[in-house]
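Report on one structure; see the data block that follows.
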Amino acid sequence: MDSHASAATVPVPVADLRRRRVWVLPLLALLLAAAFVLALAVGSVPVTWVDLWTLVTGGDAGMAGAIVATLRLPRAIAAAACGGLLALAGALMQILLRNPLADPYVLGISGGAAVGALLAMLFGVASALLELSAFAGALAAMALVFGLAHGAGSRTPTRLLLTGVIVSAGCGAAVSFILAVANEQSLRGMLFWLMGDASTASRPGVAAIVLIAGLLACAPLARDLNLLTRGDATAQLLGVPVARLRLVVYLLASALTAVAVTTVGSVGFVGLVVPHLIRLAFGNDQRLLLPASALAGAALLLLADTAARTVIAPAQLPVGVLTALLGVPVFLFLLNRHR
């Protein structure tokens, strides 16, 4: 067991956890609300606070109201929901692999979704089938990794990690091949999707519903996940069905990642950076870590998307570029810290 997992065995007193919950979760929720208001107000066409209040109270805000309702609101919901999905999936993956540097994309799920989406673009299928194709690719990669990782013993974290790396590399090669044979007309859309783009999200409400369902599904697992951080043997002695729990966590994290990828494309580093920073700040108790990661991830990706469409307005940057610019130095810092 690595040093991170050993540190996680220190129990957090219930009273201390309750005190943290009193201010941590409301503070993160307030941060998310502020980021949401900022996303609605800021842009190439500024929207005043009066216009926003008019919209909230059901009034007619004219052109500003139309811009918010048809463009900024769906995009903000998609960015926030997918940020929460990726951060929650990252927290689960780091528990599953007992590795603080684990990421939702490390097991090839994002690569599978990319292959499915790019194949749909290559063959010119209807835009309504694009998300379905990406989701099918993500599920296929998930099934492939989980099937191949089952060796003579069980699906160990190391076996899952190595299998995911190989499948991800294969998906990367397939993506490169598709980009090489694609025509110029569809190439730009493919590249933007690969770098992450929340403006094309057609059903952001689905991602939000999946995020809420994921949090509800994680709540009863938090105690067993805390025990799992102590090691498989200890958790099993304390009554945790380790094999079944690992399967549930893997499927849940994969589904959350697949929904996020099919909604906004490939956005990296959110699932790596956010859970780890929350863990460093507030400890490794999953009862607090999982909801806090979801809130912080939602706020981070929402702020990044707001910056992506305003930094060089009226032109837009792929949101994945900004998250990578943030994630790369943080990843290197964490890697050096756990060397």
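The values are calculated or read from the model by the stated rules, or taken from the named source; none is laboratory data. Remember, it's a predicted structure, so these values are computed and weren't measured experimentally. Here Cβ is always computed from backbone atoms with ideal geometry, including for glycine, and neighbour counts include all displayed protein chains.
Being among the aromatic types (Phe, Trp, Tyr), in a helix (DSSP H, G or I) and farther than 21 Å from residue 99 by Cβ is a property that does not hold for residue 146. Assessment of the range 244-253 against the conditions (over 19 Å from residue 88 (Cα atoms) and either hydrophobic (A, V, I, L, M, F, W, C) or assigned to a helix (DSSP H, G or I) (or both)) yields at least one matching residue. Test residue 326 against the criterion of being modelled with pLDDT under 90, within 27 Å of residue 222 (Cβ to Cβ) and surrounded by fewer than 19 Cβ atoms within 10 Å (Cβ to Cβ), and give yes or no. When the stated conditions are applied, residue 326 does not pass them. Within the range 248-271, residues that are in contact (Cβ under 8 Å) with a residue 24 or more places away in the chain and more than 18 Å from residue 208 (Cβ to Cβ) sit with their Cβ atoms under 7 Å from residues that are of a type in the set (S, T, N, Q) and in a helix (DSSP H, G or I), at 6+ positions apart or across chains, in these pairs: 266/110; 268/323; 269/323. Of all residues in the range 202-239, those that are outside any helix (DSSP H, G or I), in contact with a helix residue (DSSP H, G or I) (Cβ under 8 Å, 6 or more places away or on another chain) and among the small types (Gly, Ala, Ser) total 2. Taking the range 13-47 as the range and being of a type in the set (Gly, Ala, Ser) and either at pLDDT 80 or above or under 23 Å from residue 302 (Cβ atoms) (or both) as the test, the residues that pass are 29, 33, 34, 35, 39, 41, 43, 44.
Of the residues that make up the range 156-176, is at least one modelled with pLDDT of 90 or more, farther than 18 Å from residue 271 by Cα, part of a helix (DSSP H, G or I) and polar (S, T, N, Q)? Yes - at least one qualifying residue is present in the range 156-176. Number of residues in the range 312-323 that are surrounded by fewer than 24 Cβ atoms within 10 Å (Cβ to Cβ) and either closer than 30 Å to residue 209 by Cα or not aliphatic (A, V, I, L, M) (or both) equals 6. Scanning the range 65-94 for residues that are at pLDDT below 85 and buried (at least 21 other Cβ atoms within 10 Å of the Cβ) yields one hit, 68. When you go through (1) of a type outside the set (D, E, K, R); (2) within 18 Å of residue 96 (Cβ to Cβ); (3) at pLDDT below 80 one by one for residue 313, which number turns out not to apply? The one condition residue 313 does not meet is (2).
Would you call residue 267 buried (at least 23 other Cβ atoms within 10 Å of the Cβ) and part of a loop (DSSP other than H, G, I, E, B)?
Yes: the conditions hold for residue 267.
What single numbered condition from (1) in contact with a Phe, Trp or Tyr (Cβ under 6 Å, 6 or more places away or on another chain); (2) assigned to a loop (DSSP other than H, G, I, E, B); (3) among the β-branched types (Val, Ile, Thr) fails to hold for residue 312? Result: residue 312 fails condition (1) only.
Evaluation of residue 181 against the conditions (1) aliphatic (A, V, I, L, M); (2) surrounded by 14 or more Cβ atoms within 10 Å (Cβ to Cβ); (3) over 24 Å from residue 83 (Cα atoms) shows that the sole unmet condition is (2).
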